[in-house]
There are 2 protein chains.
Amino acid sequence: MNDLIIRAAKGEKVERIPVWLMRQAGRILPQYRKVRNKVKDFKELVKNPELACEVTLQPVNILNVDAAIIFSDILVVPEAMGLPYLMIESKGPYFEKTIKSVKDIKKLNIVSGREDLKYVMDAIKLVKKELNGSIPLIGFAGAPWTIFAYMVEGQGSKTFSKAKKLLYTNPLISHELLTKISKSTSNYLIGQINSGADMVQIFDSWAGILSPEMYAEFSLKYISEICDEVKKNFPSIPITVFAKDAFFALQKLSKLNCNVIGLDWTMDPVESRKIIGPGKTLQGNLDPCVLYSDFSTIKKVSLKMIQNFGKHRYIANLGHGVYPDTKVDNVKCFIDTVKNYN
Amino acid sequence: MNDLIIRAAKGEKVERIPVWLMRQAGRILPQYRKVRNKVKDFKELVKNPELACEVTLQPVNILNVDAAIIFSDILVVPEAMGLPYLMIESKGPYFEKTIKSVKDIKKLNIVSGREDLKYVMDAIKLVKKELNGSIPLIGFAGAPWTIFAYMVEGQGSKTFSKAKKLLYTNPLISHELLTKISKSTSNYLIGQINSGADMVQIFDSWAGILSPEMYAEFSLKYISEICDEVKKNFPSIPITVFAKDAFFALQKLSKLNCNVIGLDWTMDPVESRKIIGPGKTLQGNLDPCVLYSDFSTIKKVSLKMIQNFGKHRYIANLGHGVYPDTKVDNVKCFIDTVKNYN
């Protein structure tokens, strides 16, 4: 097995820097769009283990990345808790029901890692079988604050002001909801590991819209609980935490019971390493827009990034998901630049 | 004249902390909505000096703030350069023509501070007359990168990937456009000061989507040129630079030829002061969402913020524009908390 990414996550020696891309399975690949066109919508793809497996494997073969990540969506968790959603093409997620009161929260289920979200577990099992030990498979979930934001707001938003309003006006209820999401998320991640995931990543996409204090109270607390719970069950499975735009929380993130901290492109590699210290592996952080440029720019900017991070305790990636209109050859250029680095 | 804000900006002693709100003139006030309903759209209001004057003065009387800010829009500059735009209700700005080539850039005008945007200059003159020396009037403009982003993208965007693509793929053309915007902006701000503005603020709303290096090359360079140009003409007029989400640039911002650095709510007051040093006044940075909560929470969070900033070299404000659905009484609670602080 090419276990570079696992070893890099644990701080062990690696022959070369491992590389993968957030959103590597998806719209950048014509092969993905072909599969996507077979079904009604994005969610049908997510819920069909065979097709989810197929698109998970596409970038493994086409891009030659060092890890697969299960094709899914962070919003399957709130749906399993009792809030179904629609994924509206070129608009984003939309929840018909949202959380407005304690009553709404009481009605929510806590996701079990065994019976619930079976389609994700089945997809993971299929992928593992197909990968046949060649490279590791990453499982994932949204961080409780990010899931909370969608459950209260009902859709994407620039400010998530409804969600933040609830935090400020009713911290008690907010914590109640966050606790339920956290338990669901721990169970879900543990379920993914039981099904075969070799590593898991927690995405806190809306970390950056909270103040440092609010972030500590309403997000970090729960990420920390999830890390502890997963580690209690699986001490040797690496955990990555990616808190987008949460530059202000880097020091606190470095104290989490996790192995890898994801960085977006606004965070300077050298400065971030100073703040986080030597105890964590860093992952990131090329601006996805760099992949719009020509090969020589992609190489130049990627090499500079790699040099700034250094070979030890580093996993190369973008600073966010790859943009859907990125050319596949440009993605390959990035991956090859990392792989040829010495 | 209540010149607290001018003195605070220059680092002089103040009896109490001055306070105003970004977007204080606007939808939070029922009096604004009444005026707004008299005209077809937002832009008609911006272009009508009498009405722009009226809504500029509303928060002065209703909220008792320590400064007025001229009611206008940062996108009047690209429009005066040759790219007209529509402000679509509850969607945002939309440019029919965008910048795609050198040819498009060549066709653009450089805004003069005398003949162009006369409606803004006229509005400023009217406001100054009405204020009659009671409190200072703030003029403003967008930072060149933010204006560039709209001129290339044509509308708001989560990623501004078209605009960033141009930076990466054609830095030369990008600099050409940024230079034209910068000259226009300097002229425009100088024109506003000539018309009576007592202080000016540069808004870099999309600062936070660039990497630290890209931000230095494509944004800070031009903000710096504008500060120098304005200061050359008006050494004693204070300049505020508000680069939203550009936590990574605080140290470089502290070197600008300006007086005040605006901070958003993700930036810790104490940490920011350490990075920026004692040479600048800080402005900000309450999370606008705090104003959704009850009086006691607003007071508690505001007081903590004020204590963290300290009385010297500080202008109280939100960390971003006030959200349109904020209750006026809650805004007043914030303002009174600042004013009663000792």
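The values are calculated or read from the model by the stated rules, or taken from the named source; none is laboratory data. It should be emphasised that the depicted structure is a prediction, and the values quoted were computed from it without experimental measurement. When we count neighbours, we look across all protein chains shown, and the Cβ atoms used for this are built from the backbone with ideal geometry, even at glycine.
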*Count - residues of segment A:244-259 that are within 8 Å of chain B (Cβ to nearest Cβ) and either closer than 25 Å to A:L4 by Cβ or touching a Pro at 6+ places or on another chain (Cβ under 6 Å) (or both)*: 1
*Among the residues of segment A:122-163, write down those that are within 14 Å of chain B (Cβ to nearest Cβ) and either modelled with pLDDT under 95 or part of a loop (DSSP other than H, G, I, E, B) (or both).*
A:G156, A:S157, A:K158, A:T159, A:F160, A:S161, A:K162
*From B:V76, B:V19, B:V46, B:V111, which residue is more than 17 Å from the chain's Cα centre (by Cα) and touching a residue at least 12 places away in the same chain (Cβ under 8 Å)?*
B:V111
*B:N317 passes all but one of (1) buried (at least 23 other Cβ atoms within 10 Å of the Cβ); (2) within 14 Å of chain A (Cβ to nearest Cβ); (3) outside any helix (DSSP H, G or I); which number fails?*
(2)
*Would you pick out the residues in segment B:139-188 that are closer than 26 Å to B:A68 by Cα and surrounded by fewer than 20 Cβ atoms within 10 Å (Cβ to Cβ)?*
B:K183
_Among the listed residues A:G262, A:G279, identify the single one that is at pLDDT 95 or above, in contact with a strand residue (DSSP E or B) (Cβ under 7 Å, 6 or more places away or on another chain) and away from chain B (no Cβ under 14 Å)._
A:G262
*Take the residues of segment A:211-237 that are farther than 20 Å from A:K180 by Cα and touching an Asp or Glu at 6+ places or on another chain (Cβ under 8 Å): which is farthest from the other protein chains (Cβ to nearest Cβ)?*
A:I237
*How many residues does segment B:189-206 hold that are part of a helix (DSSP H, G or I), among the hydrophobic types (A, V, I, L, M, F, W, C) and surrounded by 24 or more Cβ atoms within 10 Å (Cβ to Cβ)?*
1
*Kindly indicate which of B:D294, B:D287 is free of Cβ contacts under 8 Å to residues at least 24 places away in the same chain and in contact with a Ser or Thr (Cβ under 8 Å, 6 or more places away or on another chain).*
B:D294
_Residue check, A:G191 more than 14 Å from the chain's Cα centre (by Cα), at positive phi and at pLDDT 95 or above_ = no
_segment A:207-262 - residue that is of a type in the set (S, T, Y) and not in a loop (DSSP other than H, G, I, E, B) and, of those, surrounded by the fewest Cβ atoms within 10 Å (Cβ to Cβ)_ = A:S224
*asked:* So B:N2 passes all but one of these: (1) in a loop (DSSP other than H, G, I, E, B); (2) polar (S, T, N, Q); (3) crowded, with 22+ Cβ neighbours inside 10 Å. Which condition number does it fail?
replied: (3)
*In segment A:265-276, what residues are more than 9 Å from every other protein chain (Cβ to nearest Cβ) and either within 17 Å of A:F203 (Cα to Cα) or in contact with a helix residue (DSSP H, G or I) (Cβ under 7 Å, 6 or more places away or on another chain) (or both)?*
A:P269, A:V270, A:S272, A:I275, A:I276
*Has segment B:297-304 got at least one residue that is buried (at least 22 other Cβ atoms within 10 Å of the Cβ), more than 18 Å from B:I69 (Cα to Cα), touching a helix residue (DSSP H, G or I) at 6+ places or on another chain (Cβ under 9 Å) and away from chain A (no Cβ under 11 Å)?*
yes
*Assess whether B:P288 counts as being crowded, with 19+ Cβ neighbours inside 10 Å and within 10 Å of chain A (Cβ to nearest Cβ).*
yes
*All positions within segment A:87-120 that are in a helix (DSSP H, G or I) and closer than 20 Å to A:M22 by Cα*: A:V120
